[in-house]
Amino acid sequence: MFDAKRLLDQFMGGQGGPGQGGQGGSGDFLRGAGGGALAGGLAAILLGTKTGRKLGGEALKLGGMAAVGALAYKAYRDWQAGKQPAPAGSQQPAQQAPVPMLPAPSGTPFNPSTANEQQALARHLLRAMIAAAKADGHVDAQEQARIFAEMDKLPLAADDKAFVMDELRAKLDIDAVASAASTPEEAAEIYAASLLAIDVDNAAERGYLSMLAARLKLDDALVAHLQQNVAQASAQPT
């Protein structure tokens with residue numbers, strides 16, 4: 001049976017701990033390839049030669065869907081409070097400790113309390129990440145064949161492989177990704193997951209993210225907070 005939450009942990013090196021939806025450490029095989037890094041394992045295969053993003057610090061400790069939820073929750077909370085995101089390109093002072101990343105409260109759209117809601121959200125986040133990986137057009141038929149061959153080397157369940165294959169073969173549909181968001185909070189999570197799965201280094205990727213933010217109806221300031229939080233989480237030492 002397809003377990004979207006487990007697969008998302010495998011994308012992101014989820015720790016599989018109590019309260020994280022883990023199943024005995026579902027992300028174990030990723031840890032040897034970078035300690036929960038998106039540049040290792042399944043995410044690396046999908047991103048091809050790209051470096052991907054690496055989760056560090058508090059985000060790495062959370063892993064999986066909990067990390068995406070925490071990143072989006074902090075951005076959403078700061079945006080609602082009227083805080084201004086740091087200017088693009090600015091860096092946090094070395095002497096300043098990173099802000100602790102708190103898990104999103106249970107029972108909120110960032111952290112659903114029921115198993116069915118968790119599975120639905122994980123599925124939406126996975127689709128967003130795979131779509132982002134395809135945004136620059138490098139996943140053609142030949143690349144798909146390479147990915148499928150590499151996937152056979154990973155400890156993935158048959159249903160998990162089938163889901164990834166179907167999503168890779170599907171035509172890139174930004175409207176389908178955006179329409180999955182049933183709340184503004186889920187829209188923020190979908191955008192955060194997309195940021196984690198992409199290195200913005202060409203016009204196609206920048207255009208994709210810009211269109212996605214518009215389709216998700218995200219405020220520009222919220223987008224800036226999401227970008228800042230993902231960048232900081234990716235830069236923190238592990």
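The values are calculated or read from the model by the stated rules, or taken from the named source; none is laboratory data. All values reported here derive from a predicted model rather than from experimental measurement. Methodologically, a virtual Cβ is constructed for each residue, glycine included, from the backbone with ideal geometry; neighbour enumeration extends over all protein chains shown. Areas reflect the complete protein model, heavy atoms only, side chains present, ligands, DNA and RNA absent. Shrake-Rupley method; radii C 1.70, N 1.55, O 1.52, S 1.80 Å.
Given a cut-off of 27 Å, name the pairs among 161/217; 5/217; 5/74; 83/171; 74/153; 74/161 whose C-alpha atoms lie farther apart than that in the structure shown.
Too far apart for the 27 Å limit: 161/217; 83/171; 74/153; 74/161.
Suppose all protein chains stay in the model; what accessible area per residue would a 1.4 Å probe give for the range 100-214, in Å²?
That works out to 44 Å² for each residue.
Just how large is the dipole of the range 130-184 about the Cα centre, in debye to the nearest 20, putting +1 at every Lys and Arg Cβ and -1 at every Asp and Glu Cβ?
60 debye
Hey, any idea what % of the range 119-210's accessible area is carbon plus sulfur with a 1.4 Å probe?
51 percent
Within the range 182-238, list the trypsin sites (Lys or Arg not before Pro) lying in a DSSP loop whose Cβ has at most 16 other Cβ atoms in a 10 Å radius.
217
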